[in-house]
Every structure is written in structure tokens, then in C-alpha cells.
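First comes the structure, then the notes that go with it.
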Amino acid sequence: MASEITYAEVKFKNASNSSGTHSDSSAAPKGNPTHHQIYFQKYSQLLEEKKATKYKIIHNKLSCMKNSSLMDGKAWSCCPKDWKPFGSNCYFISTSPAASWNESEKKCSSKGAHLLVIHSKEEQDFITKNLEQKAAYYIGLWGPGHRQWQWVDKSPYNESAAFWHKGEPNNVWEKCVVLHHRPAGWGWNDVLCNYIQSSVCQMNKIYL
Ligand code: MMA
Ligand code: CA
């Protein structure tokens, strides 16, 4: 899947501006080579690697930050414009149109991503800071039955890194999971999969 994705028009940000919130900033990195040189060099490398036009361009604009250390010789870590970077991932909050769990996962998939997979409290706290307390958001956790919870990315479900609301999960018919806010804070609730809700998509950062 990832190998079928190419990216057009890459924008770079100063390494010092690491908050990642101003994704439309196009400030060139300090020193040389210039923004445009890196852009053309990297983009033509990508086109070469991916054999150009055969592949669909999914993300037209990337927002990139200079890596503090080289990752596999890649100097930049990027998220699509309007996605939020955290750790080695990019996150997209999808509010409209709200959709069933299946449709939500399909929408993420069409962006080269999947529904949110949460593996730490820090990750969940970062996401929820960007969410509306009145809404509920599908995450990439579902149960084929008998409380066998599964993450959409096939990573293992770990009970000690599960953040269920008190009293949840509570219903065998509720096989999909939302992240939502209750007076005690943010947590997970099992719900019917045809429930129409917002969602959060996640993908790995793109390293250039
Ligand atoms: C209640 C509670 C949840 C359940 C939803 C379904 C509002 O919360 O019983 O566990 O999933 O209802 O709407
Ligand atoms: Ca429930």
C-alpha cells in the first residue's frame, strides 16, 4: 500500500518550529541547499523510485520538519498538510461527514491511513487535546465477538494500555469503539458499529 503512494509539492519548515501546528508555513530551512533544491531533488527521487505517473497522488501537500538525527539517511519527516504530527505518526481528525465505523475506516484507507490505534496514554492525551468534548470519535479498535478486541493495524491489543471508561465495555452487541469525553475525562466506549460518528485517522510519518 505505502509503495503505491507518491507525494507532490513538499513544503519545509524550520526545525526550530517543531510544534507542527502551522502546516502551511513554507519557511525554507536555514543554510543550503535551498528549499527548492531539496524539494526538486527529493520529489524527483520519489518519482524515480515509484515509477512516476502509474501511481496515484494521495497527498498533494506535505509539511516537513528537519530530523534531529538521520533516519535511514532521511533528513525530513513529513505529514500531509492539515494532519498533526506526534511521535512517528500523523493524525487527521475527520468530522464531516460523520460515518459508520466501516465507512470511517474506508475513508482513512483512501488517504493511505487507518483509524486511530492508541498504544499509550501520552498518545491519547495528544489526540484528545485536539478533539471536541461533545463529539465521539471512532478509533481503530473492534471486536469480532467474545471481547476479542483487535486493532485495525494488527498490532496486539494490550489490556494495560487500554483506556476504557468506567463500566465499559458493557455490551456484547457493541463491537466498535469510540473515544469520547465523560465527566471523568476522555476514554473508550464500545458502541454499535452503525452508529454515525466522527473519527480520527492515523498514518506513519513520511520520511524524505
Ligand atoms: C450509554 C452506555 C454505553 C453505551 C451507549 C450506547 C451513553 O452511554 O450504556 O455503554 O455504549 O449508551 O448509546
Ligand atoms: Ca458501551
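Here is how the numbers come out for the structure above:
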| quantity | calculated |
| --- | --- |
| Matching entry among His114, His146 (being in contact with a Gly (Cβ under 7 Å, 6 or more places away or on another chain) and either closer than 21 Å to Val191 by Cβ or in contact (Cβ under 8 Å) with a residue 12 or more places away in the chain (or both)) | His114 |
| Selection from the range 137-157 of residues that are in a strand (DSSP E or B), within 17 Å of the chain's Cα centre (by Cα) and not hydroxyl-bearing (Ser, Thr, Tyr) | Ile139, Gly140, Leu141, Trp151 |
| Residue match in the range 147-157 (condition: among the small types (Gly, Ala, Ser) and either open to solvent by 80 Å² or more (accessible area, probe 1.4 Å) or under 18 Å from Glu103 (Cβ atoms) (or both)) | no |
| Among the residues listed as Val178, Val152, the single one being β-branched (Val, Ile, Thr), near ligand 1 (Cβ under 10 Å from one of its atoms) and at pLDDT 95 or above | Val178 |
| Residues of the range 149-168 classified as farther than 19 Å from Val200 by Cβ and within 16 Å of ligand 2 (Cβ to nearest atom), total | 2 |
| Verdict on Asn171 being within 16 Å of ligand 1 (Cβ to nearest atom) and polar (S, T, N, Q) | yes |
| Residue in the range 176-194 that is under 30 Å from Gly73 (Cα atoms) and touching a helix residue (DSSP H, G or I) at 6+ places or on another chain (Cβ under 9 Å) present | no |
| Hits in the range 158-196 (condition: surrounded by fewer than 14 Cβ atoms within 10 Å (Cβ to Cβ), touching a residue at least 12 places away in the same chain (Cβ under 8 Å) and in a strand (DSSP E or B)) | Arg182 |
| Residue satisfying all of: in the range 87-116; part of a strand (DSSP E or B) and open to solvent by 70 Å² or more (accessible area, probe 1.4 Å); nearest to Asn194 (Cα to Cα) among these | Pro97 |
| Conditions (1) open to solvent by less than 60 Å² (accessible area, probe 1.4 Å); (2) outside any helix (DSSP H, G or I); (3) not β-branched (Val, Ile, Thr): number failed by His119 | (1) |
| Verdict on Ile58 being on the phi < 0 side of the Ramachandran plot, part of a strand (DSSP E or B) and of a type in the set (A, V, I, L, M) | yes |
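The values are calculated or read from the model by the stated rules, or taken from the named source; none is laboratory data. Keep in mind that what you see is a predicted model, and the values were worked out from it rather than measured. Note that we place each Cβ from the backbone using ideal geometry, even for glycine, and neighbour counts take in every protein chain shown. For accessibility, only protein heavy atoms count, side chains too; no ligands or nucleic acids. Shrake-Rupley method; radii C 1.70, N 1.55, O 1.52, S 1.80 Å.
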